[in-house]
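As structure tokens, the structure follows; a few thoughts come after it.
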Amino acid sequence: MNWEGENPLYMVVQTLTDVVLIDLDEQGWKATYAEQLQEAGQRTLIRKDTNEVVIDRFCRADETVTYNSKVVGYFGGPQVRAYGFDIVGPDGSTCRYWAPWVNRIFESEQELMKSAAQQLASLGVQASDIVVPR
């Protein structure tokens, strides 16, 4: 598959009647796949370079799923970015699932930030070298 842009992930949406692969860099992908995104089914984020599953979640028809990409800091100029899903239940409750550059799911932004800081520290980066956007 020829992927567009710099996003390292693509999404697979599997419903009872359909399976679609979505390039998250594709312009207008939310509108193009709106029908499939509203159906119950599996939502999977996969690395473009290795086809490794990063996050895999089942979503009910009464849940709203949104894809997120968030800058969590800067490392010597380049952005450090995390990716994930927000799943909003019919009662308005939200579950957030984050995955940065490692194959691990984070249940909160605080857990994500702590892990990012630990990983950067393991590379010899000092906390004073990291600029976190507000």
Nearest-0.05 FRET efficiency for Q14 and K70 at R0 = 25 Å, using Cβ-Cβ distance, is 0.50
More than 16 Å apart - percent of Cα-Cα pairs taken over region 1-89:
56
Hey, which lysines would be in cross-link range of K48, C-alpha to C-alpha under 25 Å, not counting anything within fewer than 8 residues on its own chain?
K30, K70
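Coordinate-derived values only; no laboratory data. Predicted model only: the values in this text are computed from it and were never measured. Don't worry about glycine lacking a Cβ; one is built from the backbone with ideal geometry, like all the others, and counts go over all protein chains shown.
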